[in-house]
Amino acid sequence: MGKEFYIDEHIDLIRKSSTETDNYKSNQKLKNEGLTRFLNICKLANEYMISEFDSSNDDKILDYNKKAMMGEEKERAYFLDKIKAFLKKSNLEHEQFPGWYVNLHEAIFHENWGYHAVAEWLLMDNSQSAKIIGERVFYACPNTGKLELMPQKISKARIEQLIKVLMFKSPEQRLDKGNATVYLKDGSRITIFTDKLTKEHTIIFRKYTVKRYNFEEQAARGTIPSEFIPCLEAMVKMGFNVGFVGAPKTAKTTFLATWQSYENPNLEGIQVETDPEIPWHIISPNSPIIQFVVNKDRLKQIVEFIKRSDADYVIAAEARDVLSLKLIIDTMKIGVRRCKFTYHQDDPMLFFYDAATEIVNEFGGNLFATSLNIAKSIDYMFEFIQLRDKSQKRLKAVYEMCFNHETLEVTAHEIVSYNDKTDDWSYHYHFGKDKEKIGSFEDEKAMSRFKYLLEQLASEKPNTEETTFSPFVNKFYMKEGE
């Protein structure tokens, strides 16, 4: 244990602060003397905590500190209980605190050991991101998605301490090149940039704001049409291979997680990702999903195991790495159903060519043959967009991909179309023979329901625009044959 702590030795530090303080619980600008009083209490709490640890072992404090920040309940409770004991012993339980904290003990924890100026943001359900840039703090407004400057500031010394704790015992993440990414237990992502890359230390926080992963929640947010939910449920049961594409921040990963939540929990899955973004242990605790969190080099070591595994499906949460992309394509190509992936792409019809180009550049092969293999392995493509109001996402289109074995022709049929003028969706009925074969084998009842419902929607809200497209692979093939 460290040196024993006596509050009487330090109480003058508090007394010399102004006793005429602001109401800290308001979000108005704090008076300097009032803030000084709170900060002095934080200093005393820090000394008290050090006295509770072995003062010769700084790593022990850092280890507890990081685990508490990562969301480990035991370590977090340890800090809060010690702070409460300090406040009671010091007769400081009724002191006031800045308005961006929820209570005094939480305020002291975050000011000394926690997330400091972004502690308030962690509790905001509908704000997707926050940023610390130098001493400035920004939150994404829940209503507009735009970043707004907050009144609280963070010192350079405190942001350096925050980075030190976040990076503690993370050998897989190093700041040699000026950036790193760490994840909290709930899947929230923290990206760090030091002044090696940016003018000022910068930390970017992102979290999932969706609390319920079901189609009704997505419809309530306006992301998908509520009338299409029964069709989506039937599609999951039929076991189609699906891709979710769109620009960054268009809710692709959220929709993948939602789709997966309807999957049969008795089926075995494998997820491959470079970052642990989706907390399946929270979303689908009853599903046997093995999550491989690996970089490209480590993925090479296990890719053959994954291909030969008895998993019923494979998920590539972010197929931005060419090896992850090739793995999901190869898995679908050999007949594995229910595969799912996301991919950053603003034109789904170019996905096949872009993905094939990446694979051929890395592994060799024929561009057309690879494009064709990709196109015929995917049953449906879901395209997502972000509206001008950045907090709003929309399902822009659903494409049924069809492959003609006789002509080698690939066609995309837009069965769901979004109209940004009316903020509504229209429908086109199409269900190819290859989809009929898959659906009747996997779940004939679900297939019959899907066909009936889609035909009804196409009759009630028909899409009058062009609904059939030929992806790039066909044009490429024609060019090669000339």
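Derivation of every value follows stated rules applied to the coordinates shown; laboratory data play no part. All of these numbers come straight from a predicted model, not from anything done at the bench. When we count neighbours, we look across all protein chains shown, and the Cβ atoms used for this are built from the backbone with ideal geometry, even at glycine.
Once Rg and the Kirkwood radius are both taken over the C-alpha atoms of the chain, their ratio Rg/Rh works out to 1.06.
Tell me, how many Å apart are the Cα centres for segment 243-308 and for segment 363-406? Going from one Cα centre to the other spans 18 Å. Label segment 159-305 by shape, choosing from rounded, prolate and oblate, from the square roots a ≥ b ≥ c of the eigenvalues of the Cα gyration tensor; if a/c is under 1.5 it is rounded, and otherwise prolate applies when a/b is larger than b/c, oblate when it is not. Verdict is prolate for segment 159-305. Between ASN214 and ASN91, the FRET efficiency estimated from the beta carbon spacing at R0 = 56 angstrom works out to 0.70.
Residues in segment 434-442 carry Karplus couplings, in order, of 5, 6, 4, 5, 5, x, 5, 6, 7 Hz; the curve used is 6.51 cos²θ - 1.76 cosθ + 1.60 with θ = phi - 60°, and Gly or Pro positions show x. Secondary structure note: in segment 215-481, about 50% of the DSSP beta bridges are antiparallel.
Taking a ≥ b ≥ c as the square roots of the eigenvalues of the alpha carbon gyration tensor, segment 226-291 is oblate, as a/c is not under 1.5 and a/b does not beat b/c.
The order of TRP425, TRP113, going from fewest to most other C-beta atoms within 10 Å of their C-beta, is TRP425, TRP113.
For segment 215-481, the gyration tensor built on C-alpha atoms gives a rounded shape. Its axis ratio a/c (a ≥ b ≥ c) stays under 1.5. Amide H to amide H, with H built 1.01 Å from N, GLN291 comes under 5 Å of GLN271, counting only residues 5 or more places away or on other chains. Here's how it looks for THR342: its modeled amide H is under 5 Å from those of PHE244, ALA316, GLU318, ALA319, which are all 5 or more places away or on a different chain.
With θ taken as phi - 60° and the Karplus curve 6.51 cos²θ - 1.76 cosθ + 1.60 applied, the whole-hertz 3J(HN,Hα) list for segment 423-433 is 6, 8, 10, 10, 9, 9, 8, 7, 8, x, 4 Hz, x standing for glycine and proline. For PHE53 and ASP420, the FRET efficiency from 1/(1 + (r/R0)^6), where r spans their Cβ atoms and R0 equals 56 Å, is about 0.45. Sorting VAL102, VAL398 from the fewest to the most surrounding beta carbons within 10 angstrom yields VAL102, VAL398.
Our coupling estimate for segment 187-201, obtained by passing each phi through the Karplus curve with A = 6.51, B = -1.76, C = 1.60 and θ = phi - 60°, is x, 4, 10, 10, 10, 10, 10, 8, 6, 6, 10, 10, 4, 10, 3 Hz, Gly and Pro reported as x. Calculate the length of the line joining the C-alpha centroid of segment 46-95 to that of segment 409-453, in whole Å. Their Cα centres are 56 Å away from one another. Counting only residues at least eight positions apart within a chain, or on another chain, the lysines with an alpha carbon under 23 Å from that of LYS437 are LYS237, LYS333, LYS340, LYS376, LYS445, LYS451. Counting Lys and Arg as +1 and Asp and Glu as -1 over every other residue whose Cβ lies under 13 Å from the Cβ of TRP425, the net charge comes to -4. Net charge dipole, the chain: roughly 900 debye, given to the nearest 20, about the Cα centre with Cβ charges of +1 for Lys and Arg and -1 for Asp and Glu. Summing charges over neighbours of GLU383, with a neighbour being any other residue whose Cβ is under 12 Å away from its Cβ, gives +1 when K and R count +1 and D and E count -1. Estimated from the Cβ-Cβ distance and a Förster radius of 30 angstrom, the FRET efficiency linking THR198 and SER226 is about 0.10.
A cut-off of 5 Å between modelled amide H atoms, ignoring neighbours fewer than 5 places along the same chain, links VAL416 with VAL398, HIS428.
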